[in-house]
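Accompanying notes for the structure given below.
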Amino acid sequence: MNKYLAILLAVLSSTEIQAQNLNSVPRLVVDITIDQLRNDLLEQYAQMYSPDGIRKLAAQGVVYESAGYSFSPIDPASAIASLSTGTFPHYNNIIGSSWLNRSTLRPTSCVEDPKYVASPSQLSVSTISDELKIATKGAALVYGLAENKESAILSSGHAADGAFWKGNGNQWTTSAYYPQESRRWIESYQRVTSSDARMADVNEQICQLALECVRNHAMGRDAVPDFLAVTLSGSNGKPTEEYYLSLDRTLANLIAQIEGEVGKDNVLFIVTSTGYENEEQTDYSHYKVPTGTFYINRTANLMNIYLSAIYGHGRYVDGCFKNQIFLNHQLIDQKQLSLDDVLNRSQEFLLQNDGVKDVYTSTQLQRGGGDIAKLHNGYSSDNAGDIIIGINPGWQLKNEITGENFTFRMGLVSFPIVFYGAGLPSQRITKPVTVDRIAPTVAKAIRIRAPNACTAEPLF
């Protein structure tokens, strides 16, 4: 059993029990997602936490010790989208924070919108907050807050009253997509915010805005449930004592003040993680661990030469982005070639390259099943490439054109899911679970239907 959880949950029974239903509908749901939160890093400073933060959540909440995502790869945007929709990128369309636009061959943000600059228009299904808006005929209040626009927008859904994030000059901002009243409110808040508050730790700033949101919009004050999504920033792969103790203090303050405003039995807190994908680059060669570098831009150029030798001269490769290669469908159609044949030839070529462990075609990923189920879940034909390359663990993938550089690893790092408040009894569940079950659990708690692409069962 995880040492951290063993320490913090010593007061709990060792017997796993099924969580009970809530006695009444919470007036306010506070969904707190912490970027890059990990059990092993939480453990490192466990004995130094205050009684009212992480220790309190662990001792008094319903704690699922080992959680993960049902798709791969994961980044903060795809994680947030999965949490809010109760499904994965194959259905919600958010494969990452950005992807290659096939029309322009330029990277585009997952919340980019030509009309509003930023909006949830790329999110193709409903979220838990959307369903709350529908169930209450718009009466429920919904707000999302984060350091970046992707997390703020995707966590709050299509029908939100507002989404706020840090823009240029460390200023809170939003999008014209949201109601005018919301835009006026954040502008007013920004004007009256003290210089000390603007200089505070970013997570402290987010939580202060969350509290002002609850107070000024009277969230949780009537029988209609409201929804507040808060995304806290991670440690950027650099776990420090200062960061985790600061996170503990921030959570303690946020929980205590919202409980004071709404009442502990009237608010349901959910705390979880975006998973883990950032890490400082490691020079494995220094430790004699097998490693190497795979240059995807060079490989894509060589693959184009290879395909030209087979099918005749042409630009068969449109571009590459991350570990994906995009084919020129227009040329393939003009030459009346079989796309499957081109994909299979490309796959054969790529598998001959040093550092390449697996190559998956769009045909395989659409079909899914078996060993590639998680890759299928993380694939969307609308936004992903035609070919996905898996390089050897420990190898670096570099793109000299875009500057991308990351080390591939397959190590599973678990994180918790905690439900706290609203009359829930403290419990501990050791069986591994996936985060797509959070949305249907919240839906059940507030007596509404789950998001429209969600097929997962509630956790309790």
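Would you check if there is a residue in segment 414-422 being hydroxyl-bearing (Ser, Thr, Tyr), touching a helix residue (DSSP H, G or I) at 6+ places or on another chain (Cβ under 7 Å), surrounded by 23 or more Cβ atoms within 10 Å (Cβ to Cβ) and in contact (Cβ under 8 Å) with a residue 12 or more places away in the chain?
Residues of segment 414-422 hydroxyl-bearing (Ser, Thr, Tyr): 414, 420.
Next cut, touching a helix residue (DSSP H, G or I) at 6+ places or on another chain (Cβ under 7 Å) only: 414, 420.
Next cut, surrounded by 23 or more Cβ atoms within 10 Å (Cβ to Cβ) only: 420.
Next cut, in contact (Cβ under 8 Å) with a residue 12 or more places away in the chain only: 420.
Yes, there is a match, as at least one residue in segment 414-422 is hydroxyl-bearing (Ser, Thr, Tyr), touching a helix residue (DSSP H, G or I) at 6+ places or on another chain (Cβ under 7 Å), surrounded by 23 or more Cβ atoms within 10 Å (Cβ to Cβ) and in contact (Cβ under 8 Å) with a residue 12 or more places away in the chain.
Could you tell me whether Leu343 is in contact with a Ser or Thr (Cβ under 7 Å, 6 or more places away or on another chain) and buried (at least 19 other Cβ atoms within 10 Å of the Cβ)?
Working: in contact with a Ser or Thr (Cβ under 7 Å, 6 or more places away or on another chain): yes; buried (at least 19 other Cβ atoms within 10 Å of the Cβ): yes.
Taking the combined requirement at face value, the residue satisfies it.
Restricting to segment 428-441, and then to whatever is of a type outside the set (A, V, I, L, M) and outside any loop (DSSP other than H, G, I, E, B), can you tell me which residue is surrounded by the fewest Cβ atoms within 10 Å (Cβ to Cβ)?
Top of the filtered list is Thr434.
Could you tell me whether Phe419 is outside any helix (DSSP H, G or I) and of a type in the set (Phe, Trp, Tyr)?
Details: outside any helix (DSSP H, G or I): yes; of a type in the set (Phe, Trp, Tyr): yes.
Here the answer is yes, as Phe419 does meet what is asked.
Does Pro425 fit the bill of being outside any helix (DSSP H, G or I) and not aliphatic (A, V, I, L, M)?
Details: outside any helix (DSSP H, G or I): yes; not aliphatic (A, V, I, L, M): yes.
Criteria met by Pro425.
Collect the residues in segment 76-128 that are at positive phi and among the β-branched types (Val, Ile, Thr), keeping them in residue-number order.
Of everything in segment 76-128, just one residue is at positive phi and among the β-branched types (Val, Ile, Thr), namely Val117.
For Tyr91, are the conditions met, namely being closer than 16 Å to Ile438 by Cα and modelled with pLDDT of 95 or more?
Numbers: closer than 16 Å to Ile438 by Cα: no; modelled with pLDDT of 95 or more: yes.
Criteria not met by Tyr91.
Give the residues of segment 251-295 that are in contact with a helix residue (DSSP H, G or I) (Cβ under 6 Å, 6 or more places away or on another chain) and free of Cβ contacts under 8 Å to residues at least 60 places away in the same chain, sorted by residue number.
Gln257, Glu261
Evaluate the following for Val192: is it among the hydrophobic types (A, V, I, L, M, F, W, C), under 28 Å from Arg27 (Cβ atoms) and at pLDDT 95 or above?
On the way: among the hydrophobic types (A, V, I, L, M, F, W, C): yes; under 28 Å from Arg27 (Cβ atoms): yes; at pLDDT 95 or above: no.
When the stated conditions are applied, Val192 does not pass them.
Write out, first by first residue and then by second, each pair whose Cβ atoms fall under 6 Å of each other, whose residues are 6+ apart or on separate chains, and whose first residue, in segment 34-46, is under 22 Å from Ile206 (Cα atoms) while the second is in a helix (DSSP H, G or I).
Asp35/Pro76; Leu42/Tyr4
Name, by its number, the condition in (1) farther than 19 Å from Ala450 by Cα; (2) modelled with pLDDT of 95 or more; (3) in a helix (DSSP H, G or I); (4) not hydrophobic (A, V, I, L, M, F, W, C) that does not hold for Ser155.
The failed condition is (1).
How many of the residues making up segment 221-273 are modelled with pLDDT under 95, farther than 22 Å from Gln47 by Cα and of a type in the set (Lys, Arg)?
Within segment 221-273, residues that are modelled with pLDDT under 95, farther than 22 Å from Gln47 by Cα and of a type in the set (Lys, Arg) number 1.
Only one of Ala81, Ala59 is crowded, with 23+ Cβ neighbours inside 10 Å, in contact with a Leu (Cβ under 7 Å, 6 or more places away or on another chain) and touching a residue at least 12 places away in the same chain (Cβ under 8 Å). Can you tell me which? Spell out the reasoning first.
Working: Ala59 fails: crowded, with 23+ Cβ neighbours inside 10 Å.
Only one candidate passes the filter, namely Ala81.
Considering only residues of segment 172-201 that are of a type in the set (A, V, I, L, M, F, W, C) and within 16 Å of His217 (Cα to Cα), which is surrounded by the fewest Cβ atoms within 10 Å (Cβ to Cβ)? First the steps, then the outcome.
Within segment 172-201, the first condition is being of a type in the set (A, V, I, L, M, F, W, C), and the residues that meet it are 172, 176, 185-186, 192, 197, 199-200.
If we keep only those that are within 16 Å of His217 (Cα to Cα) too, we end up with 185-186.
On the way: Trp185: 20, Ile186: 22.
Applying the filter and picking the extreme gives Trp185.
Among the candidates Lys335, Lys264, Lys322, Lys288, single out the residue that is among the basic types (Lys, Arg) and buried (at least 20 other Cβ atoms within 10 Å of the Cβ).
Details: Lys335 fails: buried (at least 20 other Cβ atoms within 10 Å of the Cβ); Lys264 fails: buried (at least 20 other Cβ atoms within 10 Å of the Cβ); Lys288 fails: buried (at least 20 other Cβ atoms within 10 Å of the Cβ).
Answer to the selection: Lys322.
Answer yes or no: is there a residue in segment 443-456 that is out of contact with any Asp or Glu (no Cβ under 9 Å at 6 or more places or on another chain), at positive phi and at pLDDT 95 or above.
yes
Every residue, every condition in (1) among the β-branched types (Val, Ile, Thr); (2) surrounded by fewer than 24 Cβ atoms within 10 Å (Cβ to Cβ); (3) under 23 Å from Asn383 (Cα atoms), yes or no:
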position	(1), (2), (3)
Thr108	yes, yes, yes
Pro114	no, yes, yes
Thr127	yes, no, yes
Tyr143	no, no, no
Ile153	yes, no, yes
Lys166	no, yes, no
Asn170	no, yes, no
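Keeping to segment 275-325, report how many residues are assigned by TED's automatic domain parsing to the domain that holds Gln36 and modelled with pLDDT of 95 or more.
Residues flagged as assigned by TED's automatic domain parsing to the domain that holds Gln36 and modelled with pLDDT of 95 or more within segment 275-325 amount to 0.
So, restricting to helices (runs of 4 or more DSSP H) that lie completely within segment 294-389, which ones have at least 3 residues that are more than 32 Å from the chain's Cα centre (by Cα)? Spell out the reasoning first.
Values: elements: 296-311, 329-334, 339-350, 362-367, 373-377.
The qualifying helices (runs of 4 or more DSSP H) are 296-311, 329-334, 339-350.
Would you check if there is a residue in segment 398-405 being outside the structural domain of Val267 (by TED's automatic domain parsing), in contact with a Ser or Thr (Cβ under 7 Å, 6 or more places away or on another chain) and surrounded by 15 or more Cβ atoms within 10 Å (Cβ to Cβ)?
yes
The values are calculated or read from the model by the stated rules, or taken from the named source; none is laboratory data. Being a predicted model, the structure only gives us computed values, none of them experimental. All Cβ positions, glycine included, derive from the backbone under ideal geometry; neighbour counts span all protein chains shown.
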